[in-house]
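Let me begin by presenting the structure, written as structure tokens, before commenting on it.
Values quoted throughout were computed directly from the atomic coordinates according to the rules given, and no laboratory measurement underlies them. Please read all numbers here as calculations on a predicted model, not as lab measurements. Here the Cβ positions follow ideal geometry from the backbone for every residue, glycine too, while neighbour counts run over all protein chains shown.
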């Protein structure tokens, strides 16, 4: 089997000289075989190995004995050993995740922690060919696209490697027996409460017995074929992404016409790529979320929007909207989102009001005309004698009307924003300078005609944005 693993490593370029490899090591058959094979190949590939063990807090004393076994074997083989104990059931409940999801997240988080500690650059897991076949069936049963039918990738993002992926469970068992290697049995692998176990222990044997004795080979061969097509489409979408998508700090947008001109299959992949870029994963992103974005884009109506859920693990919710010819994806800013519509702070002269949620400070001061007037969207000068009852800062309210500079009548503030193509999601984040009767300044945009200074104005107030975070 060692030569088969060497072929797999070479075929997928899994290892390079002087790699530091973090090995997931449960103490079960697959992980013992993996660690032993890599130990045997250390001189050949000139690699360093580090074993990582997670005690999931599910199996009580048996799990503690697994940890003792794994620790002892690593000591015998001279391999640095790292372990972590976590109460996965409790964590899963607190985060609203399944135990399987919580366990996976903890594992890879600890892999990353150990990698950073030792300077590791590869993570190896013991997935094999039977795992591959079972995963394909599991995805098929749940409902999946082409990517799900490709199963478990041999190499994931050039860092996570699976050297046993082309070896069968039987080949692994034979290897352990030939080398007289002991391992721990996990009784939970037989528990048919878990869907994957039912597939492994009931469905796969049934398919092999009643339909195709080579079902594992057939499924993995199909996955290999689909993976080639998946890779082609993924490369194509990368080119589209590079040429069409505009990336900002917490926002990604694409021209709506460019997007709708793409084939639907490419549109869906592009949506997922954008979500992955902004959120860091596709956890909790279902097909109906992608379809909702497609419907949004097809409608093409400015101001329409939908959302992509976040995760209990901290990945942010995304807002998706159509705005003046663009399809825009942005991270939800809870601090801004929760800006109180009833926020209202007095602005003294002189004085200032800081709006932490927006990263803005608005300052007011008396001004002499002889000091010069440098009007801009961020700095205005108003006739102090027109102020009625004092100055305040607040946010937009239903029914707000405004008399823009140069106009003889008022207009709805909503129409003012539409005319200036201000996205709907941003309108509630724009402060308004008001007195007891009117909107004086749409901050950063326009002053009211009624408060402008003239040659006859005697008392002037300068109001400006002291600082503003982009």
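Exposure proxy for 419, 400, 174: other Cβ atoms within 10 Å of each Cβ, ordered fewest to most, give 419, 174, 400.
Would you please classify the overall shape of the stretch 64-103 from the alpha carbon gyration tensor, given that a ≥ b ≥ c denote the square roots of the eigenvalues, rounded means a/c under 1.5, and beyond that prolate means a/b larger than b/c while oblate covers the rest?
Since a/c reaches 1.5 and a/b is larger than b/c, the shape of the stretch 64-103 is classed as prolate.
Treating each Cα of the stretch 93-161 as an identical point scatterer and ignoring solvent, apply the Debye formula and state log10 I(q)/I(0) at q = 0.14, 0.21, 0.29 Å⁻¹. Evaluating at q = 0.14, 0.21, 0.29 Å⁻¹ gives log10 I(q)/I(0) of -0.57, -1.07, -1.20. Once C-alpha pairs closer than 8 Å and six or more residues apart are averaged by separation and normalised to the residue number of the stretch 248-332, the relative contact order reads 35 percent. Just how far, in whole angstrom, is the stretch 19-51 from the stretch 431-470 if you go by their alpha carbon centroids? About 68 Å separates the Cα centre of the stretch 431-470 from the one of the stretch 19-51.
Taking other C-beta atoms within 10 Å as the exposure proxy, 368, 156 rank 368, 156 from fewest upward.
When a/c is below 1.5 the answer is rounded, else prolate if a/b is larger than b/c, else oblate, so apply that to the stretch 143-281 with a ≥ b ≥ c taken from the square roots of the Cα gyration tensor eigenvalues.
Prolate, because a/c is 1.5 or more and a/b exceeds b/c.
Would you mind checking the tilt of helix 129-142 against the longest principal axis of the Cα atoms of the chain, expressed as 0 to 90 degrees and rounded to 10? With both axes taken from Cα atoms, the answer is about 50 degrees.
For the chain, the longest principal axis of the alpha carbon atoms and the long axis of helix 264-279 meet at an angle near 80°.
For a quick check: sort 420, 227, 159 by the number of other beta carbons within 10 angstrom, fewest at the front. Before the final figure, lay out the partial values.
Values: 420 11, 227 18, 159 14.
So the residues, fewest neighbours to most, are 420, 159, 227.
Based on the Kirkwood radius over alpha-carbon pairs, what is the Stokes-Einstein translational diffusion coefficient of the stretch 239-388 at 4 °C with 1.567 mPa s viscosity, in µm²/s? Don't skip to the answer; put the middle values down first.
Details: Rh = 18.5 Å.
D = 70 µm²/s.
Relative contact order of the stretch 2-224, taken over Cα pairs closer than 8 Å and 6 or more residues apart, is 24 percent. Please work out, to two decimal places, the log10 of the ratio I(q)/I(0) at q = 0.14, 0.18, 0.19, 0.21 Å⁻¹ from a Debye calculation in which every Cα of the stretch 337-468 carries one identical scatterer. Taking Cα atoms of the stretch 337-468 as identical point scatterers yields -0.59, -1.00, -1.13, -1.39. Working note: Cα gyration tensor of the stretch 248-332, eigenvalues times five, square-rooted, sorted largest first, giving semi-axes of 20, 14, 11 Å. Judged by the gyration tensor of its Cα atoms, with axes a ≥ b ≥ c, the stretch 2-224 is rounded; a/c sits under the 1.5 cut.
Could you work out how far helix 287-299 tilts from the main Cα principal axis of the chain, as a 0 to 90 degree angle to the nearest 10? Relative to the chain, helix 287-299 is tipped by roughly 30 degrees.
When Rg and the Kirkwood radius Rh are both evaluated on Cα atoms of the chain, their ratio Rg/Rh stands at 1.13.
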